[in-house]
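A.B. asks: Structure incoming, see below.
Every number in this text was worked out from the coordinates using simple rules, so none of it is lab data. Please read all numbers here as calculations on a predicted model, not as lab measurements. As a convention, Cβ positions derive from the backbone with ideal geometry for all residues, glycine included, and neighbour counts pool all protein chains shown.
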Amino acid sequence: MQPPVNLIQRAQYHTRRTAITDESGSYTYGQLLQQSGELAAWLLQGQPHLNQTRVAFLCAPGFGYVAAQWAVWRAGGIAVPLSTHHPLPEINYILQNSGATVLLYEPLFETLLAPVLESGLLRAVCLPASMIAVSDNILLPFVHPNQQALILYTSGTTGKPKGVVLTHRNLEAQIIPLIDAWQWQPDDYILHTLPLHHTHGIVNALCCALWQGACCHFLPAFDAAAVWRAFLHFPVTLFMGVPAMYQKLIDRYLQQPPPVQQQLSAACRKLRLMVSGSAALPVSVLQTFEQISSHTLLERYGMTEIGMALSNPYRGIRLPGMVGKPLAGGLQVRVVKDHNIIVAEGETGELQVKGDAVFVEYWQNTEATRQAFTPDGWFKTGDVVQVQEGNYRIAGRISTDIIKTGGYKVSALEIEEVLRTHPYIADCAVVALPDENWGEAVSVAVVLKPGPLPVPRNQLPAFLRQWCKTQMATYKTPVNWLFIDQLPRNAMGKIVKPQLKQLFLKDIEG
């Protein structure tokens, strides 16, 4: 049988090299191929091909996650990664929306998933896959590059997250330009602390490393002290993070005595590349981290639907506040204004892209897919940019209902829908406020229902935040709370969010 997708085919040339290091140990590419092959055979259950069956998996960052992902791909399924930070309602939404019929999970998440497992609606298996008995003669199907490989959920302007469908060809078209642009090598060693349910962690950090035969060292989650220790004690050559992570690294560094600071700075200088993305990098963070580490953080721009489109150079000047130029061999890029008219340099307009890296569709959402593209096939990113001497600067979003916080893109409408289900909330509106660490902070104005409150008014934000964390991911939970008698609306009854932002600012200043 022919080998599957190129990412996995390439691993056969690196079988003795270390692929993954995590808390449980180190694993070679040969072990990754063996473990994922056995699990793929179990998934097939005697079938010749999964034929794009959706397989969800909930695994901690590390070897188990990668083995599960590769197993789904090698069996011909569509991988649906679940976030280890999502509460059960969000996990249930993704399981139901994707139509997943198989669930792989690790023992750590058995209690969380208990209601799902008890329902009996999914074929489930508790990893590690070594518990699964399979035949010695593993026969796996040929997987065509145009087959759908991955569904990643991203927030949109219509409320609930949409499933972004990527093929194996899409993923390859996203990986290859980054291999060239950032000069990945087989001897690279990346410290991985990013979430593994969206593009930054999956494609930029994980798939690029494995494509090139490099080593990916996983931490369970981002922790500034643990990252500095890893820089000191492991042969790390690359690190990728979001601005909030770099701010926390700075804060931790500044807490140390001068001799320790000198050790940390020296350890950091051994890395060849440090990348920042998923949110705008404050110039102050860039400059402070450069003083600490001698690294000018490389900013780039991308999104779930397209992978990376723009990047500052690996060699050359990296301009503060800029996300660089279009990646060579990647996407076609244009900047347009009304009626898709190309803007002149220096003017602002919407960034649009076209190419093999662009996603196929939003899962089972024909109308949203249609609206995401121009009639001639350009994907509308919704980001407003300005081009100066060939370099791109992100100027904002077209929609005020999309908030980019700590590297995540979240929907204000989705958060509002959840909050309105709370028994003490009559109405609400969510906006973004500038935040130096997170880029934007999720902020909500609330109109309470009449009657007694469950806690004193000054304790309401903490009370409601705790409830929110049982209903949605922590990064979606509002940081700023404003309680008002009525929301500002225009003559048509629409909430005036710019006016609402001004009320927040007055409340903060007052």
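A.B. asks: Only helices at least 30 Å long along their own axis, judged from Cα atoms, and with Kyte-Doolittle mean hydropathy of -0.5 or greater: name those in the chain from DSSP H. Write down the numbers at each step before the final one.
C.D. replies: Working: long enough: none.
Membrane-span-like by this criterion, though nothing is claimed about a membrane: none.
A.B. asks: Normalising by the residue count of the chain, find the relative contact order in percent from Cα pairs under 8 Å and 6+ residues apart.
C.D. replies: On the way: 1040 pairs, mean separation 63.1, N = 510.
Worked out over the chain, it gives 12 percent.
A.B. asks: Something else about it: Grab the beta carbon distance between Glu417 and Gln459, set R0 = 30 Å, and tell me the FRET efficiency rounded to 0.05. If you can, show how the numbers build up before the last one.
C.D. replies: Details: r = 25 Å, r/R0 = 0.82.
Using R0 = 30 Å, I get an efficiency of 0.75.
A.B. asks: In whole Å, how far is the Cα centre of the range 341-400 from that of the range 444-502?
C.D. replies: Using only Cα atoms to place each centre, the spacing works out to 32 Å.
A.B. asks: Please work out the Cα center distance from the range 252-271 to the range 157-195, rounded to the nearest Å.
C.D. replies: When both Cα centres are located, 30 Å separates them.
A.B. asks: If you rank Leu39, Leu7, Leu140 by fewest surrounding Cβ atoms within 10 Å, what's the result? Mind dumping the intermediate values first?
C.D. replies: Numbers: Leu39 27, Leu7 18, Leu140 23.
Lowest count first: Leu7, Leu140, Leu39.
A.B. asks: Further question: Note the listed values [x] 31.6, 118; [y] 27.4, 89; [z] 23.1, 71, then indicate which one is Rg and Dmax of the Cα atoms in Å calculated from this particular structure.
C.D. replies: The calculated read-out lines up with [z].
A.B. asks: Under the rule of at least 5 residues apart or a separate chain, name every residue whose amide H is placed under 5 Å from the amide H of Leu273.
C.D. replies: So Leu273 has HN proximity to Phe239.
A.B. asks: Further question on the same structure: Which residues make up the longest stretch of the chain that has no GluC sites (Glu not before Pro) in a DSSP loop with at most 16 other Cβ atoms within 10 Å?
C.D. replies: Numbers: sites that count: Glu23, Glu345, Glu347, Glu389, Glu436.
It works out to 24-344.
A.B. asks: I need the phi-derived Karplus couplings for the range 335-343: 6.51 cos²θ - 1.76 cosθ + 1.60, θ = phi - 60°, integer Hz, Gly and Pro marked x.
C.D. replies: 10, 10, 10, 3, 6, 6, 8, 5, 8
A.B. asks: Among Lys325/Lys354; Lys354/Lys380; Lys404/Lys476; Lys162/Lys354; Lys404/Lys497; Lys449/Lys497, which pairs are too far apart, with a Cα-Cα distance over 18 Å?
C.D. replies: Numbers: Lys325/Lys354 15 Å; Lys354/Lys380 9 Å; Lys404/Lys476 10 Å; Lys162/Lys354 20 Å; Lys404/Lys497 16 Å; Lys449/Lys497 21 Å.
Beyond 18 Å: Lys162/Lys354; Lys449/Lys497.
A.B. asks: OK, next. Based on DSSP, what percent of beta bridges with both residues in the chain are antiparallel, to the nearest 5? Numbers along the way, then the final one.
C.D. replies: Details: 55 of 86 bridges.
Counting only bridges with both partners in the chain, antiparallel ones make up about 65 percent.
A.B. asks: Same structure, new question: For the range 403-510, count all C-alpha to C-alpha pairs, find those more than 21 Å apart, and express that count as a whole percent of the total.
C.D. replies: Of all Cα-Cα distances in the range 403-510, 32 percent exceed 21 Å.
A.B. asks: Once you treat every alpha carbon in the range 298-397 as an equal point and sum by Debye, what is log10 I(q)/I(0) at q = 0.16 Å⁻¹?
C.D. replies: Debye output, listed in q order: -0.67.
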